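Accompanying notes for the structure given below.
The values are calculated or read from the model by the stated rules, or taken from the named source; none is laboratory data. Keep in mind the model is a prediction, meaning the values are calculated, not measured. Neighbour counts are summed over all protein chains in view; Cβ atoms, including those assigned to glycine, are modelled from backbone coordinates with ideal geometry. Ligands, DNA and RNA are excluded from the accessible area calculation, which covers all protein heavy atoms including side chains. Shrake-Rupley method; radii C 1.70, N 1.55, O 1.52, S 1.80 Å.
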Amino acid sequence: KITLLAATLSLTVAAATARADVNLVDNDQKVTVDCARDKAVNIAGNKANVTLTGTCEMINISGNEATVKGSALHVQVSGNDNTIALDAADHIMVSGNKNTITYKKAAKAKKTAVMNSGTDNKVSLKK
C-alpha cells in the first residue's frame, strides 16, 4: 500500500507541474498567458490580443494584426501587421511584413539579436 500511495503521489505531483503550450488558432481572442506555466505561445489566429506575464521561452506569431505585450526569450513573427511590445527578448526573427516590434532589453543574453528578412517591418529598441 505504501508503494502504491507513493506512486500515486508522484504521478499527481508530476501532472500538477507539467507545462503546456498555448495555441491560439481562432480569430479575435484576448488572453493573458502565465509564462511560468505555459512556456510557448503560438498565435495563428488573426487579431489576437495577448498579454504575457513572466518570460516565455518562445512566441510564434503566424497570424495577422495581433497585439502582444510581455517578455520572451525567442520571438518569431511570420504574420503581417502585428504590433509587439516586448519588455525583454533575446532573439527576434521577423519574416512577415509591416510588423512593429519594440523591445526594452535582452532577457538573458548580453544583447538582443534581431533578424529582419521581411518588408516594411519596424524593429526598435525602446528606451
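Brief remarks on what is shown
- Residue count for the range 30-46 satisfying the condition of being under 18 Å from Asn82 (Cα atoms), of a type outside the set (A, V, I, L, M, F, W, C) and surrounded by 17 or more Cβ atoms within 10 Å (Cβ to Cβ): 3.
- Considering the range 96-116, the residues that are touching a strand residue (DSSP E or B) at 6+ places or on another chain (Cβ under 7 Å) and within 16 Å of Ser62 (Cβ to Cβ) include one that is surrounded by the most Cβ atoms within 10 Å (Cβ to Cβ), namely Asn99.
- With a requirement of 3 or more residues that are aromatic (Phe, Trp, Tyr) and within 21 Å of Asn49 (Cβ to Cβ), none of the strands (runs of 3 or more DSSP E) lying completely within the range 74-127 satisfies it.
- Residue, farthest from the chain's Cα centre (by Cα), within the range 52-94, restricted to residues that are open to solvent by less than 10 Å² (accessible area, probe 1.4 Å) and of a type in the set (Val, Ile, Thr): Val94
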